[in-house]
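Trainee: Can you keep this structure in mind? I'll have questions shortly.
Throughout, read-outs are computed from the coordinates displayed, never taken from laboratory work. All values reported here derive from a predicted model rather than from experimental measurement. Positions of Cβ are generated from backbone atoms using ideal geometry, with glycine treated the same way; all protein chains shown enter the neighbour counts.
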Amino acid sequence: MTTQRDWPIQEVARLTGTTSRTLRHYDAIGLLTPSRTAHGGARCYDAAGLVRLQRILMLRDLGLGLQAIAEALDSDQDEAHALRAHLAWLESERRRITDQIGSVRTTIDTLTTKEALVPSRMFAGFDHTAYRGEVEQRWGKDAYRAGDAWWSGMTQDERTAFLAEQRSIAQAYADARAAGLAPDSDEVRAVTRRQHSWLAVSATATGQSGVTAEYFTGIGEMYVADPRFTAAYDWAGEGTAVFVRDAMAAYAREVL
């Protein structure tokens, strides 16, 4: 009779780059239950547990909260099917990033040789519709359609102003952090009020009732969990995204 192998919590933490504390938390909330408890109380995970953990970590990287991850796992019990869908998204992301790398290299070469720029080559891989699959996976097809209609309906000046406000907010957060202000201070709360208003523009335009405390906190968590969103704030100073997350959580807790 073949004995099914399992792995102790310390080894799983090492292999996945997470911590034993995180794995114990997942167990406490029912997200990832160990296959058994060894002598001394050490949790152990079998192959099925590792597959589930892989899905948890991938969904977390997409910015989903733990409750949303649990709901996603419960709604799709076919592990292989779910992983194939995620693999397809990863491959599309790889193609998009490869296109962006190629377009930036082309622009550098063009600037170096002083040749005429070719816009169609400069912006390969930057089409906002490339995120369609990810948006639909996170928030549904209706959310993508509403968001696409809103963004496509804006003039170039409106888009520029919208993005400029985000950069201005990011810089204000970075300045506050550099000045040693606390995320829940009055000065930072004023910046976070701007952040809330900025998010409300897109939320209202896409049919949401408003920016709730839960939504606001979740977006803040995503700024840290997803490197792409982290970069949107950390350009102003490393650690800014974490500061923004903490400020948003404080604002949601005290104001919303």
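Trainee: May I ask you to order 225-233, 36-44, 66-74, 171-179 by the average number of other C-beta atoms within 10 Å around their residues, highest value first?
Mentor: On the way: 225-233: 16.6, 36-44: 11.8, 66-74: 15.0, 171-179: 18.2.
Those peptides, ordered most packed to least, come out 171-179, 225-233, 66-74, 36-44.
Trainee: Moving on. R0 = 30 Å: FRET efficiency of Gln54 with Ile108, Cβ-based, nearest 0.05?
Mentor: Values: r = 37 Å, r/R0 = 1.23.
That gives a FRET efficiency of 0.20.
Trainee: Ok, one more. Using 0.36 nm per residue of separation minus the Cα-Cα distance, give me the extension gain between Glu238 and Arg253 in nm, one decimal. Before the final figure, lay out the partial values.
Mentor: Working: separation 15, 0.36 × 15 = 5.40 nm, distance 2.49 nm.
Result for the pair: 2.9 nm of gain on full extension.
Trainee: Please compute the Kirkwood hydrodynamic radius of segment 5-86 from all pairs of different C-alpha atoms, in Å with one decimal. Present the calculation step by step, with values, prior to reporting the outcome.
Mentor: Numbers: mean 1/r = 0.0767 Å⁻¹.
Mean inverse Cα-Cα distance, inverted, gives 13.0 Å.
Trainee: Could you check the simple spin-label distance between Arg145 and His81, using points 7 Å along Cα→Cβ, in nm with one decimal?
Mentor: In this crude label model, Arg145 to His81 measures out at 2.3 nm.
Trainee: Also, quick follow-up: Is there a quick way to get the dipole size of segment 160-235? I mean about its Cα centre, with the Cβ of Lys and Arg at +1 and of Asp and Glu at -1; what is the value in debye to the nearest 20?
Mentor: Taking the Cα centre of segment 160-235 as origin, the dipole is about 180 debye.
Trainee: How long is the gain from Arg21 to Arg159 if the chain were fully straight, where each residue apart is worth 0.36 nm and the alpha carbon distance is subtracted? Could you put the intermediate results ahead of the total?
Mentor: Numbers: separation 138, 0.36 × 138 = 49.68 nm, distance 4.26 nm.
Stretched fully, the Arg21-Arg159 segment lengthens by 45.4 nm.
Trainee: At 7 Å along Cα-to-Cβ for each site, give me the label-to-label distance between Arg14 and Gln166 in nm.
Mentor: Computed distance between label sites Arg14 and Gln166 equals 4.0 nm.
Trainee: To the nearest 0.05, how large is the calculated FRET efficiency for Ser197 and Asp99 if R₀ is 30 Å and r is the Cβ-Cβ distance? Walk me through the numbers before you get to the answer.
Mentor: Numbers: r = 34 Å, r/R0 = 1.14.
My answer for the efficiency is 0.30.
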